[in-house]
Amino acid sequence: MKETIKNIITRRSVKKYQDRDVAQELIEEIVKAGTYAPTGRNSQSPIIIAVTNKALRDKLSNLNLEIIRSKHLTTSSGEEDPFYGAPVVLVVLARKDVPTRVYDGSLVMENMMLAAHSLGLGSCWIHRAKEMFETEEGRQVLLDLGITDEYEGIGNCIVGYATEDALKPQKPRKDDYVVWAK
């Protein structure tokens, strides 16, 4: 099996991480892969905020948790950290004036998750980025980082080393996933 297809088939969402830093070089490879995702009309509308600063990572986690609580939801593990202890958060946003922004940002997210897997790291798409950066605190985070254009949050790609018990067996694919029109 070709290595790319193998990575696509074997990647899993990881929701339990080791307390271990990820080397800067690996993070750079992951975000580089994200920048090569296709975008509508090659607009390259997304941006990636690569968060390795623990204080900012924790602030974003708390913002996400506030949204979960405001909607009376819980994290899938019931934990207080929606980022599941992952040390790296790669936030994907895309310019609001680009009609394909959600698709463009989604492709960036997928490229980064596949790149992380190919490098032996776990990852997971954590939702609610849109809501996070619509809050006053979220907008202030962007301003503090020098981001002044109008962006919509697409997703939070958490990255780190998975714990041994974090990888669950793959569910079988549903029988009617593909409709053939031959």
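Between Q170, Q44, Q18, the Gaussian network model of the chain with springs among Cα atoms under 10 angstrom shows the greatest mean-square fluctuation at Q170. Within the assembled protein chains, the solvent-accessible surface assigned to E25 is about 120 Å², based on a 1.4 Å probe. Per residue, the solvent-accessible area of the chain (1.4 Å probe, heavy atoms of protein chains only, all protein chains present) comes to 61 Å².
Using 0.36 nm per residue and subtracting the Cα-Cα separation, the extra length available between V179 and I68 on full extension is 36.4 nm. Prolate is the label for region 1-94, because the ratio a/c of its alpha-carbon gyration tensor axes (a ≥ b ≥ c) is 1.5 or higher and a/b is greater than b/c. Roughly how far apart, in whole Å, are the Cα centres of region 103-144 and region 1-46? Using only Cα atoms, the two centres lie 11 Å from each other.
An oblate overall shape is assigned to region 137-182, the ratio a/c of its alpha-carbon gyration tensor axes (a ≥ b ≥ c) being 1.5 or greater and a/b not exceeding b/c. Share of carbon and sulfur in the accessible area of region 123-182 stands at 52%, probe radius 1.4 Å.
Packing order of peptides 114-123, 50-59, 91-100, highest average first: 114-123, 91-100, 50-59 (average count of other Cβ atoms within 10 Å over each peptide's residues). Computed from point charges on the beta carbon alone (+1 for Lys and Arg, -1 for Asp and Glu), the dipole magnitude for the chain about its Cα centre is near 780 Debye.
The values are calculated or read from the model by the stated rules, or taken from the named source; none is laboratory data. It should be emphasised that the depicted structure is a prediction, and the values quoted were computed from it without experimental measurement. All Cβ positions, even for glycine, are placed from backbone atoms using ideal geometry, and neighbour counts span all protein chains on display. Side chains are part of the model used for accessible areas, which takes the heavy atoms of the whole protein and leaves out ligands, DNA and RNA. Shrake-Rupley method; radii C 1.70, N 1.55, O 1.52, S 1.80 Å.
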